[in-house]
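The values are calculated or read from the model by the stated rules, or taken from the named source; none is laboratory data. Predicted, not measured: the structure shown is a model, and the values here were computed from it. FYI the Cβ positions are ideal-geometry reconstructions off the backbone, even for glycines, and counts take in every protein chain you see. Remember, those area values only see protein heavy atoms, side chains included, never the ligands or the DNA or RNA. Shrake-Rupley method; radii C 1.70, N 1.55, O 1.52, S 1.80 Å.
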Amino acid sequence: MKNIVIVGRPNTGKSTLFNGLTNSRDALVHDRPGVTRDTISGKIPNRPWTVFDTAGLENAKSGIAQNSTDMAIKTIENADAILFVVDGRIGLNPMDLEWAKLVHKKSKAPALLLVNKSESAKRLSDIHDFYKLGFGEPVLISAEHKRGFDEIYEFIDKIGGIENTENETEDKTIKVAVLGQPNVGKSTFVNRVLGENRQIVMDAPGITRDTVKIPTRFYGRDIVIMDTAGLRRKAGVTDDVETLSALKSLDAIEKSDIVILIVDATKNIENQALSIAARVYNAGKILCVALNKWDLVEEVERDEKLLKLKHQFTNSFHQIIKPLILAISAEKGTGVQNLFKRIYEQWDVSNTDAPTSLINRIVEKLVADRQPPMSRLKRPMKIKFARQTGHHPIKITINVGGASDIPESYTRYLRRGIATALKMEHLPIIIEYQKSENPFDND
């Protein structure tokens, strides 16, 4: 894979271009300048390119803006190609000139100058001014309407060739989303896994806005780790950018295989954290609750606190038998490798096929111990045959004869019994019923 980096000053449309090239909505897009803070990445479909969306380059001596700009410059230094984006409606800006000089200084990679927001020739400024940037002939595009993309593809194909990836073998990379409330240490945790300060870390909530997907290899496995924006209670969200960030964080649950929910071990678990956990379970994803800042909890309080937290999570959900709850310190690194060892174990278990004969023996015993209730029509319900029909999450399909309106309470009973017998207490298990005859019943 080659790296192509989108750069430019704030609010020129870089994130919209990123979304267009990756056919995604991964980058947060808003009219407000400076919304993008972290560097996010994605793949260009059917081409051997990873594209990076960077924060708008700014002259800042401290704070988030400086960290974002430093991160963007580091990405430029590792680029195989650069897309330099300017605003065609506003025209050449002194900041454009300043950052063009920096790009020329930091990278020798080929660059393409893109004049964005070029939907209307009447609204364009003097295009010839952009030659002063030293990137050659400007290419007129509209990132919002995907106009001018053919020239972008022609540019990158000349550099890196074309690679059709539609028929690639199954991607075995595990997608791990890191979620939690603001300021619980998500980005510190991600940086610990990456072994570098890739994500901006500051002692203030709301620093991360985009969901940042970073491929890496950790503890022997290829993963994509996703750092997400902090999720606050709805009552505390008054900013529309934060609302968009929160929606992207929740969307990361659906796109993940495993979710690590970071909570602050020095505080009480809030209902918001339990709500996030419920979403993860309902989506059928593997969940690990990471009690971060465990090193700050007094040693004499640890056993009691851990027992209380496990009790709180266990009693909050019927979808799971035994929540996976582990203590870590993202700052010091303690417990992080053990956490990944445990979630990899759960991923492997979720990828296995339980023998049909074993599942049937388990279900038969459960039914013998507790018969299904009568249906609303006072007809007996007969559970006849069960088999595993899916992975990630584990899915068990049970054939039933007669009435099939089995109540949720009995389904929970079966789920708990199956999960315990198969030693899958940490995994979500879906049970679905199929009204048909047992294929092995010759009566």
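Data for the structure
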item	result
Residues satisfying the stated conditions in the stretch 71-119, i.e. of a type in the set (D, E, K, R), open to solvent by 20 Å² or more (accessible area, probe 1.4 Å) and not in a loop (DSSP other than H, G, I, E, B)	Lys74, Glu77, Glu98, Lys101, Lys105, Lys106
Residue match in the stretch 53-70 (condition: at pLDDT below 90 and in contact with a strand residue (DSSP E or B) (Cβ under 6 Å, 6 or more places away or on another chain))	yes
Listing of strands (runs of 3 or more DSSP E) fully contained in the stretch 221-337 that carry 2 or more residues being modelled with pLDDT under 90	221-227
Residue in the stretch 352-375 that is open to solvent by 20 Å² or more (accessible area, probe 1.4 Å) and either closer than 15 Å to Leu427 by Cα or touching a His at 6+ places or on another chain (Cβ under 6 Å) (or both) present	yes
Residue match in the stretch 349-363 (condition: of a type outside the set (Val, Ile, Thr) and within 30 Å of Arg192 (Cα to Cα))	yes
Among the residues listed as Glu301, Glu331, the single one being surrounded by fewer than 19 Cβ atoms within 10 Å (Cβ to Cβ) and without any contact (Cβ under 8 Å) to a residue 24 or more places away in the chain	Glu301
Subset of the stretch 277-298 [open to solvent by 60 Å² or more (accessible area, probe 1.4 Å) and either within 27 Å of the chain's Cα centre (by Cα) or free of Cβ contacts under 8 Å to residues at least 12 places away in the same chain (or both)]	Arg279, Asn282, Glu298
Failed item in (1) among the small types (Gly, Ala, Ser); (2) out of contact with any helix residue (DSSP H, G or I) (no Cβ under 6 Å at 6 or more places or on another chain); (3) buried (at least 20 other Cβ atoms within 10 Å of the Cβ), with Ala143 passing the rest	(2)
